[in-house]
Amino acid sequence: MKQDIKKLVTSLPKIDLHRHLDGSVRIETIRDAAISHGFPLPTKNLKKLKKYTCVSRKCRSLSMFLEVFNFFYEFLKFPDVVERIAYENCEDAKKENLKYVELRFAPPLQATKNFPISDVVKCVLRGVKQGSKDFGIKVGVIFCIYRSVSEEENWVTVKLAEKYFGDGVVGIDLAGDESKYPTYKFKKFFDYARSVGIPITCHAGEASGPESIADAIKLGAKRIGHGTMLYKDEELMKKVRDKEIPLEICLTSNLQTRVVDKITLHPIKKYYDYGIKITINTDDPFVSQININSEYLLAQKTFNFSLEDIKQIILNSVEASFLPKKEKQILKKEIVKEFKF
Ligand SMILES: [Zn+2]
């Protein structure tokens, strides 16, 4: 029976609404990028290289988690690499049986003097467009305002999101260390995004408490990235449920960054039973060494979700997606058609 559930859960078509482009890079691509752009590597052996590029069991915090990115980030700041990553993300998502994925990234982080933010954006959108066409998968791109970059760079990001909204871009996110750069400080970007009709999601309640989630909602976020700390404020939990604000839950990521000490302590099931629209996502599949199926299986196994619950969570993701209404309906039809049991 256990084996059956595993098979059935894996076979269901899925959606990932919270996946970072820079956290979903193939190990071969990291090696090739380093070699072709002249960076020394401690080893060319892919298995050994993973020790530097993926989170280990010793990870105890969000900052330790983010350190892993430092090892390979410099290799990513080139047009050919950025486009390749975007393209390969589509192929990898397709292999995971994802019908739709929302890929997010903060354009200034991959920009350099010779590779401006506007070109980073063009490379990502080109890679995604080609990849979604070649592999037959729907992909929406989310640009992240980043908490630790300059205001000027964040304005460039927001204006580029406006330029490409509806032409590859589906939304805006706020990412980076929320404990050091509180959400309310980014009000002007949220205000602008709302004024031009771009939907917003926001990392909140991961490294900070429920007040960060409350701020994100006040500023107009349509979804919350993580929201793990929501249970600490019952009033707010009620508000999130009643306003039907979906949570983008990322189980393994929360465990690796020690937002929860043990997977059994994760509030996902509490939220689901309470009636909150939860979704299951990967965050950084390569860095965390997971995929969307392993996350669904982890949820199912740990919290005893039934197949009906799993289907409901997948449908929550359809509803929570930033696709235009019409495309959402088409996606829903496609997904339901594949629910054979
Ligand atoms: Zn994230």
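Summary table
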| item | result |
| --- | --- |
| Residue that is farthest from the ligand (Cβ to nearest atom) [pool: residues in region 269-281 that are of a type in the set (A, V, I, L, M) and within 13 Å of residue 241 (Cα to Cα)] | 276 |
| Among (1) crowded, with 17+ Cβ neighbours inside 10 Å; (2) within 16 Å of the ligand (Cβ to nearest atom); (3) touching a residue at least 12 places away in the same chain (Cβ under 8 Å) - the single one residue 258 does not satisfy | (1) |
| Filter result for residue 208 (polar (S, T, N, Q), surrounded by fewer than 21 Cβ atoms within 10 Å (Cβ to Cβ), within 16 Å of the ligand (Cβ to nearest atom) and over 23 Å from residue 319 (Cβ atoms)) | yes |
| Pairs with Cβ under 6 Å, 6+ apart, first in region 164-187 and among the β-branched types (Val, Ile, Thr), second assigned to a loop (DSSP other than H, G, I, E, B) | 170/322; 172/198 |
| Residue pairs meeting the criteria (Cβ under 6 Å; at least 6 apart or on separate chains; first buried (at least 20 other Cβ atoms within 10 Å of the Cβ), in region 313-341; second modelled with pLDDT under 95 and aromatic (Phe, Trp, Tyr)) | none |
| From the options 236, 247, residue that is within 21 Å of residue 320 (Cβ to Cβ), crowded, with 19+ Cβ neighbours inside 10 Å and within 16 Å of the ligand (Cβ to nearest atom) | 247 |
| Region 212-233 - residue that is touching a Phe, Trp or Tyr at 6+ places or on another chain (Cβ under 9 Å) and more than 14 Å from the ligand (Cβ to nearest atom) and, of those, farthest from residue 166 (Cα to Cα) | 231 |
| Unmet requirement for residue 202, which otherwise passes all of (1) assigned to a strand (DSSP E or B); (2) away from the ligand (no atom under 16 Å from the Cβ) | (2) |
| Among residues of region 76-87, those that are touching an Asp or Glu at 6+ places or on another chain (Cβ under 9 Å) and either farther than 25 Å from residue 254 by Cβ or surrounded by fewer than 21 Cβ atoms within 10 Å (Cβ to Cβ) (or both), counted | 5 |
| Matching entry among 290, 313 (being within 16 Å of the ligand (Cβ to nearest atom), hydrophobic (A, V, I, L, M, F, W, C) and within 18 Å of residue 18 (Cα to Cα)) | 290 |
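The values are calculated or read from the model by the stated rules, or taken from the named source; none is laboratory data. Values in this document were obtained by computation on a predicted structure and should not be read as measured data. Methodologically, a virtual Cβ is constructed for each residue, glycine included, from the backbone with ideal geometry; neighbour enumeration extends over all protein chains shown.
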